Amino acid sequence: VHMPNQPSFSATRSAGHVYGSGTGTVMIFNAVDFNIGNDYDSSTGIFTAPIAGKYQFSFGGMAAGGTGDFQVRIRKNAGGYFNNNGSGRGYGTFEPYGFTVLMDLAINDEVDITVYSSNTSCYIYGTSSVWNKFSGRLVG
């Protein structure tokens with residue numbers, strides 16, 4: 001089924017690394033590939049559901065910077081929904097992070113990607129569009 005006006009977006013971060021913190025840092029994906037419905041805000045990093053329904057979101061990125069507890073979370077209305085945990089880097093190299101989730105959203109629910117770390121030198125690589133991606137779409 002072809003649905004060209006279905007709410008969907010894809011964006012990357014090219015404005016610099018995103019460092020984790022104990023309280024969390026929202027990752028702002030500033031370079032938008034497409035944004036059908038303009039529901040993703042590239043200045044805040046937040047997707048706002050235009051209608052109630054089931055949504056699919058995906059994240060992929062590379063971490064580096066040091067060892068420590070490092071988490072990439074997808075949040076719904078600023079609360080935890082899914083947590084991807086690691087060490088912040090793959091023992092001397094980059095460490096990949098990625099996930100896809102389905103969420104049941106009400107109208108105006110908000111979704112973002114937030115980075116947490118016990119070591120503030122850990123980060124998600126954010127200087128080129130090939131190192132990270134956040135995307136979402138209404139599936140029904």
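The values are calculated or read from the model by the stated rules, or taken from the named source; none is laboratory data. Owing to the predicted nature of the structure, the values given are computational and were not obtained by experimental measurement. What goes into the accessible areas is simple: the full protein's heavy atoms, side chains included, and nothing from ligands, DNA or RNA. Shrake-Rupley method; radii C 1.70, N 1.55, O 1.52, S 1.80 Å.
General observations
- Sorted largest first, the spans of the alpha carbon positions of the chain along the three principal axes are 45, 27, 26 Å.
- Under Karplus coefficients 6.51, -1.76 and 1.60, residue-wise ³J(HN,Hα) of the range 112-125 in Hz, glycine/proline x: 8, 10, 10, 10, 10, 7, 7, 10, 6, 8, 7, 8, 8, 4
- Converting phi to 3J(HN,Hα) with the Karplus coefficients 6.51, -1.76 and 1.60 and the offset θ = phi - 60°, the range 8-15 yields 6, 7, 8, 8, 10, 10, 10, 9 Hz in sequence order, with x at every glycine or proline.
- Accessible area (Å², 1.4 Å probe, nearest 10) - residue 101: 20
- Averaged per residue, the chain has 47 square angstrom of accessible surface, using a 1.4 angstrom probe with ligands and nucleic acids left out.
- Within the accessible area of the range 38-139 (1.4 Å probe), percent carbon and sulfur: 49
- Computed Kirkwood radius, in angstrom, where 1/r is averaged over Cα pairs of the range 45-120: 13.2
- Taking the centroid of alpha carbons for each part, the range 9-58 and the range 93-140 are 8 Å apart.
- Computed extension length for residue 118-residue 102: 3.0 nm, one decimal, from 0.36 nm per residue of separation with the Cα-Cα distance subtracted.
- Amide hydrogen neighbours beyond the local backbone of residue 28, cut-off 5 Å, H modeled: none
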